[in-house]
Amino acid sequence: MNPLRWLASRRAVSVPQTLADACGFPCLEGAARFEIDLRNGWLGIADPTSNLTPADYWKGCARDRRPFVNARSGAEFSESPLTGRYSCILYETGWALPLDAEPTRRKAVLKFTLLLERPARVERDTFPDLTQEGQLSSWLTRCYRDRKQSFDQMAVDVLPDGTLAIDEHPHEQRNYHEDELPLQRLYQPVYGHTAYRIFMHPGVIEYSLSRNPKEIVQLRFQLSPQGIEPLSEAIKQNTQAFSLSVLQSLTLSEKPRTKAQLDAS
């Protein structure tokens, strides 16, 4: 018998329990806050992982840049060699779904990434103020079109174990599309900011909104099957609802937090 459970049965220790909603997603009600000092402001969201146990985590990713990232200097941003744009991952984690199922019966992994992104140097004259809705939507459309063209050059296959095999298409088989991308402006602002959503690739939902004139916040949710069974429509729809709830918990400030605020958090 598991000694921890034996002790717990005698109330000697408590065994943490995963808090899941009726659909098997982490409960956001009562979740702890993920808060990070950006040196020229701060950012917070409801942290889904605060209601998980270690057994729930998917161990394929884990990054946490707390307590701070110096977004004022930008020294921690990395530059894309393909586009010249800059990004900085603040938080990355993932967990198996549904949470209330036995580990061997879980159907999917949901990976969550929180990051900051900035235009390339050559784009800054064209997009000097990403807080302007027209500039933000135009820049996001350009970014996603570039990504789609790169993705169209790749051949992606799902292997029997559910992992992805990626290879390049021969030049003669590559597709280049100028189609309009399904970038959706959300009807309800997020913490007073206009936000956009896109379903970029199968299983990927991304939300973007400006934090200041030269930088956006992006929340990315990537749903992947576990095994060879395709994802059900129910888990896809529940992922959309869950991701929107995480987005709506976002708080932003352009001012650094005081020492008293940090001590109280």
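Please give, to one decimal in nm, the separation of the simple spin-label points placed at residue 65 and residue 255, each 7 Å out from Cα toward the Cβ.
Calculated label separation equals 2.4 nm.
What is the set of long-range amide H partners of residue 211 at a cut-off below 5 Å, with H atoms built 1.01 Å from backbone N?
Correct list: 216, 217.
If we sort 243-251, 204-212 on the protection proxy, mean other Cβ atoms within 10 Å, highest first, what's the order?
Descending packing order for the listed peptides: 204-212, 243-251.
If r is the Cβ-Cβ distance from residue 141 to residue 241 and R0 is 25 Å, what FRET efficiency results, to the nearest 0.05? Don't skip to the answer; put the middle values down first.
Values: r = 25 Å, r/R0 = 1.02.
Calculated value: 0.45.
Every number here is computed from the coordinates shown, using simple stated rules; none is lab data. This structure is a prediction, so every number in the text was calculated from the model and none was measured. We place every Cβ from the backbone using ideal geometry, glycine too, and count neighbours over all the protein chains shown.
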